[in-house]
Structures are given as C-alpha cells and as structure tokens.
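*Asks:* One structure, pasted below without further comment.
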Amino acid sequence: MRSSFVLSALILSGAAACGNVKPTSFDAPGGSIDAPAGTIDAKLITPDAPPGTPDAPAGTTSFTKDAAWNCASGVDCEDVYDFDVAASSQVTVAITSVTMSSTPRTGLFKGTTTTGTNLWNNAATDLCSTQNKQDIDLNAGPVTIGPGHYRLTVGRDWGFSASATGTYTVTFHSSTAISAQGATADDQASNQAPCQ
C-alpha cells in the first residue's frame, strides 16, 4: 500500500512540475494531499500508431517514423503519409535503416492520390534505390512544392526484395511548417510500375 502511495505522489509531483496536473486533493493514509493547480493535457504516443494518427503536431517542419512493410505475395507495396503545407516549401525525405533484404522506393504526389507525376523524379514512376540495391538508404529532394495537400509513399519493390517483410525509418523535412496527418495507408499495392 505504501509503495502505491509513494508512486502516486511521485507521478503527481513530476507532472505538477510540468504544470500539467489539476487534482485538487486525494486521500492518503494519515490525511489528504493537495496538488498544485494546472490542467491535464497528455497524449499517449506509441511507435506503431494506427493509420491516421499524426506523426507530428501542426506547425512542425519534420517528422520521423519507424515502420514496417508486410507485402502480399508478388506485390510492390507501400505505406502512405499525408501532409499539408500552407506556403511554398523545399522538402526532402530520407528512408533509412532498411532491413530484411528490402529494396526501398518512394513517391511524392500532390493531391489525394498516388498516381500521376512523382515530384521526386518528375516522372510517373517511383524513385528507387540506387541500382535497386537492398537494405540501403534512399534519399530524395530537395524539391520545391506549393501550398496544398500531398501524399508521400514509402514502398518496397517486390522484384528486387527478398521475402515479403522489412522495416525502415522515414524522416521527412520541410523548409516551412507542415501539418502531418500520419500514415493513412499501410502496405497498399503501389500504383507505380516496378523498379527497373
């Protein structure tokens, strides 16, 4: 019982130091304890948040996410990240820590689809890792984009990868503030042709 009370008191005093707690008091053995004023405003952040969970708060200029692919057999699959920019911006992406003999690929598309011109290479194809090598970093940009909604794809090429799974870290940077909506699709079939 005493250890629960001490732990509760430590949590409250730590949170109070941050100014984020507003319990008026609670009962404890031997009397009650008053806590400092403040408000509770906390969010639970998990490494594998469900699709649509923001990867960065509004107004930031970058986001980083550790993620994984689990592609269907024979499918070039991709994860999709949506974001908005309010002003012209220079953007870059780094796909690092690629594992499981995966060949990474990426696309950047204006609007709400993952078809049309890939802004990373100004073509209707994904930008693939150099010589389609496995487990290497893939960097794209900088490119200048205008205000609007964009979709970033981080894919795994089936033909140049081994098996169906792999992991990666994606880091996206913008020269102006973005509103990142997070991963909005997971392991979807790519609309782009296989790497060549």
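*Asks:* Looking at Val91, Val154 in this structure, which one is crowded, with 19+ Cβ neighbours inside 10 Å and within 18 Å of Asn191 (Cβ to Cβ)? Don't jump to the end; show me each part of the working.
*Replies:* Details: Val91 fails: within 18 Å of Asn191 (Cβ to Cβ).
Only one candidate passes the filter, namely Val154.
*Asks:* Among the residues of the range 71-92 satisfying the criterion of being among the small types (Gly, Ala, Ser) and in a loop (DSSP other than H, G, I, E, B), which is nearest to Thr144 (Cα to Cα)? Show your work before the answer.
*Replies:* Pass one, the range 71-92, residues among the small types (Gly, Ala, Ser): 72-74, 86-89.
Cutting the leftovers down to in a loop (DSSP other than H, G, I, E, B) gives us 72-74, 86-88.
Working: Ala72: 34, Ser73: 36, Gly74: 34, Ala86: 13, Ala87: 10, Ser88: 7 Å.
Ranking the candidates gives Ser88 first.
*Asks:* Residues of the range 160-189 being in a loop (DSSP other than H, G, I, E, B) and at pLDDT below 95, which ones?
*Replies:* Going residue by residue through the range 160-189, those that are in a loop (DSSP other than H, G, I, E, B) are 160-164.
Across the range 160-189, the qualifying residues are Ala162, Ser163, Ala164.
*Asks:* Can you tell me which residues in the range 93-148 are within 21 Å of Asp66 (Cβ to Cβ), touching a residue at least 60 places away in the same chain (Cβ under 8 Å) and assigned to a strand (DSSP E or B)?
*Replies:* Val93, Ala94, Ile95, Thr96, Pro104, Arg105, Gly107
*Asks:* Next question, about the same structure. Provide a single number: the residues in the range 155-169 that are aromatic (Phe, Trp, Tyr) and over 16 Å from the mean Cα position of the chain (by Cα). Before you say what the answer is, go through the steps one by one.
*Replies:* So the first thing to find is which residues in the range 155-169 are aromatic (Phe, Trp, Tyr), and the list is 158, 160, 168.
Add one more test, that the residue is over 16 Å from the mean Cα position of the chain (by Cα), and what stays is 158, 160.
Adding up the residues that qualify gives 2.
*Asks:* If you take the residues of the range 149-159 that are of a type outside the set (A, V, I, L, M, F, W, C) and assigned to a loop (DSSP other than H, G, I, E, B), which of them is farthest from Thr117 (Cα to Cα)? Show your work before the answer.
*Replies:* Residues of the range 149-159 that are of a type outside the set (A, V, I, L, M, F, W, C), as a first pass: 149-151, 153, 155-157, 159.
Subsequent filtering for residues that are assigned to a loop (DSSP other than H, G, I, E, B) retains 157, 159.
Values: Asp157: 19, Gly159: 22 Å.
That would be Gly159.
*Asks:* Within the range 94-123, can you find the residues that are among the aliphatic types (A, V, I, L, M) and either within 19 Å of the chain's Cα centre (by Cα) or exposed (fewer than 15 other Cβ atoms within 10 Å of the Cβ) (or both)? Please lay out each step first, then the result.
*Replies:* From the range 94-123, those among the aliphatic types (A, V, I, L, M) are 94-95, 98, 100, 108, 119, 123; that's our starting set.
Those that are among the aliphatic types (A, V, I, L, M) and either within 19 Å of the chain's Cα centre (by Cα) or exposed (fewer than 15 other Cβ atoms within 10 Å of the Cβ) (or both): Ala94, Ile95, Val98, Leu108, Ala123.
The values are calculated or read from the model by the stated rules, or taken from the named source; none is laboratory data. Just so we're clear, the structure is a prediction, and the values are computed from it rather than from any experiment. As a convention, Cβ positions derive from the backbone with ideal geometry for all residues, glycine included, and neighbour counts pool all protein chains shown.
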